[in-house]
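All of the numbers you see were taken from the coordinates with simple rules; none came from a lab. A quick note: this is a predicted structure, and the numbers were derived from the prediction, not measured. Cβ: placed from backbone, ideal geometry, glycine included. Neighbour counts: every protein chain shown.
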Amino acid sequence: MKNISVAIDGPAGAGKSTVAKAVAKNMDLLYIDTGAMYRAVTYLVLKEGLDLTEEQKIINIAKNTTFNFSKDGSEIFINGENCSKEIRTPEVSEKVSLVSKIGALRTILVNAQQKLAKNHDVIMDGRDIGTHVLPQAELKIFLTASVNERATRRFEELSKDKPSANISFDAVKNNIIERDNIDSNRDQAPLIKAEDAIEIDTTSLTTVEVVEKIIKLIAKIHR
Ligand code: DC
């Protein structure tokens with residue numbers, strides 16, 4: 001039987017990874033978090049103290065890095081090292097959209113994502129999955145939520161993960177607005193709803209409700 005492939009795109013904080021992870025677990029799909037790969041490159045760029053104008057060096061980092069995920073997709077290994085926490089700091093969040101604008105870097109990561117997905121039943125989330133990475137995906141979801149709801153979710157997540165950190169709601173909300181703006185307006189593969197994607201506004205839905213909706217849509221296709 002043909003492999004299942006599901007693409008989930010949408011703006012920051014819409015709940016893509018939470019939902020994708022739960023659907024993957026329920027339906028035994030491989031989950032690939034492409035945002036984690038852009039974050040991983042950004043983490044390495046900051047670690048090496050590179051300036052964001054040093055594009056060729058940034059591209060070389062991506063070329064020379066291997067990315068692996070744990071089975072459930074929740075942990076990322078950069079050249080074999082588990083860096084799942086390091087890629088989610090405010091410093092990485094602040095710079096990741098600028099790094100993601102580099103066209104040649106995107107080409108390298110898109111190739112790596114397509115390789116990871118090959119010959120698997122897969123659910124992949126990001127910004128350009130339905131439009132560029134898996135244009136042949138038989139189910140494309142565009143997940144949205146109001147900016148206040150998305151900021152609230154991110155803020156609660158960050159406060160839970162690191163209660164001691166001094167994170168303000170406004171800073172989280174501003175970062176989301178800024179990233180959405182850069183992600184939606186870049187030249188190569190901007191965040192955009194694929195023509196054949198189904199939009200789900202999650203503002204007043206629970207995670208369980210969204211997960212159930214997507215599972216039903218997959219079941220309809222793969223009856
Ligand atoms: O999903 P996330 O918020 O962790 O993604 C972090 C950033 O990575 C996002 O603001 C833009 C970039 N990204 C991208 O350009 N293309 C993707 N497919 C996934 C993420």
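Classify the chain as rounded, prolate or oblate from the Cα gyration tensor: take a ≥ b ≥ c as the square roots of its eigenvalues, call it rounded if a/c is under 1.5, otherwise prolate when a/b beats b/c and oblate if not. Because a/c hits 1.5 or more and a/b fails to exceed b/c, the chain counts as oblate.
Here region 53-148 is treated as a sphere whose radius is the Kirkwood value from Cα pairs; by Stokes-Einstein at 20 °C and 1.002 mPa s it diffuses with a coefficient of 142 µm²/s.
Counting 0.36 nm for each residue step from Val147 to Asn166 and taking away their Cα separation leaves a gain of 4.7 nm.
So if a site counts as exposed when it's one of the GluC sites (Glu not before Pro), its DSSP state isn't H, G, I, E or B, and it has at most 14 other Cβ atoms within 10 Å, what's the longest stretch of the chain without one?
That would be 55-194.
Once C-alpha pairs closer than 8 Å and six or more residues apart are averaged by separation and normalised to the residue number of the chain, the relative contact order reads 34 percent. Label separation (Asn26 vs Ser184): 2.8 nm, computed from points 7 Å beyond Cα along the C-beta direction. From the square roots a ≥ b ≥ c of the eigenvalues of the alpha-carbon gyration tensor of region 178-223, which class results: rounded (a/c under 1.5), prolate (a/b over b/c), or oblate? Oblate is the answer for region 178-223, as a/c is 1.5 or above yet b/c matches or exceeds a/b. Per the Kirkwood formula applied to alpha carbons, region 131-223 shows a radius of gyration over Rh ratio, Rg over Rh, of 1.03.
Ranked from largest, the principal axis spans of the Cα set of region 6-93 equal 42, 27, 21 Å. Fully extending the segment from Glu157 to Lys118, taken as 0.36 nm per residue of separation minus the present Cα-Cα distance, adds 10.9 nm.
Rounded to the nearest 0.05, the FRET efficiency derived from the C-beta distance between Lys193 and Ser74 at R0 = 25 Å is 0.45.
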